[in-house]
Amino acid sequence: MELVGKLLNARGEIVGGGLELDDAGVITRVLPATGEEEGWILPGLIDVHCHGGGGASFPDVTSEEEVRTAIEAHRSLGTTAMLASLVSMVDPVPVIEKLVPFCESGELLGIHMEGPYISPHKVGAQNPAAVRGADLDELRRWLEAGKGHIKTMTIAPEAENAVAAARLLLDYGAKPSWGHTSATTEEAEGAIALTTAYAEEIGFPAPAQTATHLFNAMPSLLHRAPGPVRALTAGARKGDVAVELVADTVHVDPRLVSDVVEFVGAKGEPSSVLFVTDAMSGAGMPDGSYVLGSLAVTISDGVARLTDGGAIAGGTSRLVEQIQKMVRGECLSLAKAVESCVAGPAYALHLNGSEQGVTLEFTPGEAVNLVVLNENLDFVSAFREGVAIAGE
C-alpha cells in the first residue's frame with residue numbers, strides 16, 4: 001500500500017512525501033518529498049486527558065464495552081493513544097480495576113486521576129462531596145490498584161499534603177498534575193520547585209509534573225497577583241512542567257492558546273505544551289443529556305455544562321478537531337498544532353515510540369500509527385499499529 005502526502009513527524013517537521021506499507025501495515029519505505037504532494041500524513045494523535053466519548057464515560061464505566069466505546073470515539077478521528085481520565089471520587093478503586101486490563105493490553109496508555117485532592121473553591125465539574133486533602137495511605141492503595149498504570153494525578157498545590165502526595169506519585173513512576181487550584185503564585189512556585197528537586201534526587205526524568213488544563217479551574221492571571229498560571233507557564237518554559245491546553249476554542253481563546261505555545265516553545269525542544277480534549281461522554285455525540293462522574297451534564301451547541309449550575313463540564317472535541325480549528329483559524333501553523341498533539345504529550349509522559357499507538361518518527365520496519373488529512377485538513381483515514389481503524 002502506498003500513502004502519498006506531506007509526511008510530518010511528531011514535531012511537525014516534513015520528513016517525506018508519503019509511505020509504503022506492507023500487508024501488515026509495517027513501513028517498508030519513506031517516500032521522498034517532491035513538494036507536489038497533496039494532503040497530510042501525521043503521526044497518530046495522543047490525548048492524555050480524556051474522560052470518554054461516544055456516550056460512554058470512563059469514570060462511570062460498568063462494562064468493558066463502555067470502555068471500548070469511549071476509546072473508539074476518539075480512535076475514529078485518529079487519536080491512536082490515550083489516557084483514561086477519572087474525576088474526584090470517594091472510592092476510585094472499582095473503576096481503576098476495570099481500566100487496568102485495557103492498560104495491560106495496550107489499548108490505553110494508562111490512567112489519569114483528576115482529583116480528589118483539589119481545591120474546594122475550584123471544583124469545576126467535579127463532585128464537591130468527594131474533594132479532600134491528600135491521604136498518603138489512601139493514595140498508596142490507589143497506586144497499588146493501578147499496577148503501575150496511573151500516570152498522572154491532578155492535585156491542587158495548596159491542598160493538604162500536596163507535595164508529599166507528589167513525591168509518592170513520583171516514587172510509583174507517576175507524576176502530579178497541578179490544577180483545580182486556588183493557589184497563590186508562591187504556593188504554586190513552591191510546589192513546582194519542591195517536586196522538581198525531589199525528582200532530580202531520585203533520578204525521575206523531566207518534566208516531573210504537568211498542569212491540568214491551564215487557565216481553567218484556576219485563578220485568572222492578574223498583574224499584581226499572577227497566581228498559578230504564571231508559575232506553571234514559567235515552569236513550562238524552563239522545562240520543569242508540561243502544560244495542558246484545551247484548544248477547542250471553548251475552554252481558552254485560541255489567540256491565547258497560540259501565545260502560550262509560542263512563549264513556552266521559545267525555550268526550544270522538546271515541547272512542553274500539549275493539547276488535550278478533557279472530553280466527556282458527549283464527545284462525538286449530538287446535543288443532549290449526559291453524565292460525568294455521576295453529575296448531570298447538558299450539551300448545547302456542542303458545549304458541555306453541568307445541568308445544575310452551568311459550569312463547563314469537560315470538552316466535546318477530538319484532537320484532530322482542535323488541530324483543524326487552530327490552523328483554519330490562523331492561530332497556529334499545522335506544524336505547531338501537530339507538535340502539541342504528539343511531541344508535547346510524548347514528552348509529558350516520557351514516551352519513546354515503542355508504546356502501542358505511538359509513532360514519533362516514521363521508521364521502516366515499524367507498524368504505523370498515523371492520521372491522513374486532505375489539503376483542507378478534513379479527516380480521511382487513520383491507522384493504529386498498522387491496522388486501518390477509520391476512514392477510507
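The values are calculated or read from the model by the stated rules, or taken from the named source; none is laboratory data. Keep in mind that this is a model prediction, so the values were computed, not measured. Ideal geometry is used to build each Cβ from the backbone, glycine not excepted, and the neighbour counts take in all protein chains shown. Note: areas computed on protein heavy atoms with side chains; ligands, DNA, RNA excluded. Shrake-Rupley method; radii C 1.70, N 1.55, O 1.52, S 1.80 Å.
Brief remarks on what is shown
- Rolling a 1.4 Å probe across the protein heavy atoms gives segment 225-362 an accessible surface of 36 Å² per residue.
- Segment 42-133, relative contact order in percent, only Cα pairs under 8 angstrom and at least six apart counted: 27 percent
- Of the Cα atoms belonging to segment 104-238, the radius of gyration and Dmax stand at 14.2, 49 Å.
- Overall Cα dimensions of segment 55-182, principal axis frame, Å, largest first: 39, 29, 24
- Size descriptors for segment 1-85: radius of gyration and Dmax over Cα atoms are 16.4, 51 Å.
- Length-normalised contact order of the chain in % [C-alpha pairs under 8 Å, at least 6 apart]: 22 percent
- Taking the square roots of 5 times each eigenvalue of the Cα gyration tensor of segment 1-41, largest first, gives ellipsoid semi-axes of 17, 11, 8 Å.
- Segment 72-111: relative contact order in percent, alpha carbon pairs under 8 Å with at least 6 residues between: 49 percent
- Solvent-accessible area, 1.4 Å probe, carbon plus sulfur percent, for the chain: 50 percent
- Cross-link partners of K175 among lysines (Cα-Cα below 23 Å; sequence separation of 8 or more within a chain): K98, K122, K147, K151, K238, K267
- Heavy-atom accessible area, probed at 1.4 angstrom with all protein chains present, ranks V163, V291 as V291, V163, highest first.
- Helix 319-328 and the long axis of the chain differ in direction by around 70°, with both axes built from C-alpha atoms.
- Applying Stokes-Einstein at 25 °C and 0.890 mPa s to the Kirkwood radius of segment 183-276, computed over alpha-carbon pairs, gives a translational diffusion coefficient of 183 µm² s⁻¹.
- A335-R140 FRET efficiency (beta carbon distance; Förster radius 41 Å; 0.05 resolution): 0.45
- P(r) tail fraction, segment 105-173 - alpha-carbon pairs more than 20 Å apart, %: 27 percent
- Between 0 and 90°, nearest 10: helix 227-238 axis offset from the chain longest Cα axis: 40 degrees
- Å² per residue, accessible surface of segment 67-164 at 1.4 Å: 34 Å²
- Computed over all pairs of different Cα atoms, the Kirkwood value for the hydrodynamic radius of segment 147-217 is 12.0 Å.
- Taking every DSSP bridge with both residues inside the chain, close to 55 percent are antiparallel.
- With at most 14 neighbouring Cβ atoms within 10 Å, loop trypsin sites (Lys or Arg not before Pro) (DSSP) excluded, longest segment of the chain: 1-146
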